[in-house]
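Have a look at the structure below before the remarks.
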Amino acid sequence: MKNAMMRKLGLALLIAMLGAGLAACEEEQGPAEKAGENIDESMEEMGEGMEEMGEEMEQAAEDAQN
């Protein structure tokens, strides 16, 4: 019974430590993480632009056929 209680206490402590660690990681971003986010945003915008250009080209090809 004492062993089971110690296991539960240890597990609760481990969960609390992991939760605190995750919360601390999310608060501040380093320069590399900020740069990565900027790159991700730029790539997403570029992809959207390419998709729009493809749609415009498709529409122009349809108009040229008619």
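Nothing in this text is a laboratory measurement; each read-out follows from the coordinates by a stated rule. The structure displayed is predicted, hence computed values, not measured ones. All Cβ positions, even for glycine, are placed from backbone atoms using ideal geometry, and neighbour counts span all protein chains on display.
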> Quick one: Karplus J couplings for region 49-66, per residue in order, coefficients 6.51, -1.76, 1.60, θ = phi - 60°, nearest Hz, x for Gly and Pro?
Replying inline: x, 5, 5, 5, 5, x, 5, 5, 5, 5, 5, 5, 5, 5, 5, 5, 6, 8
>> Run the simple label-point estimate for A60 and A32 please: 7 Å along Cα→C-beta, distance reported in nm.
In response: 4.3
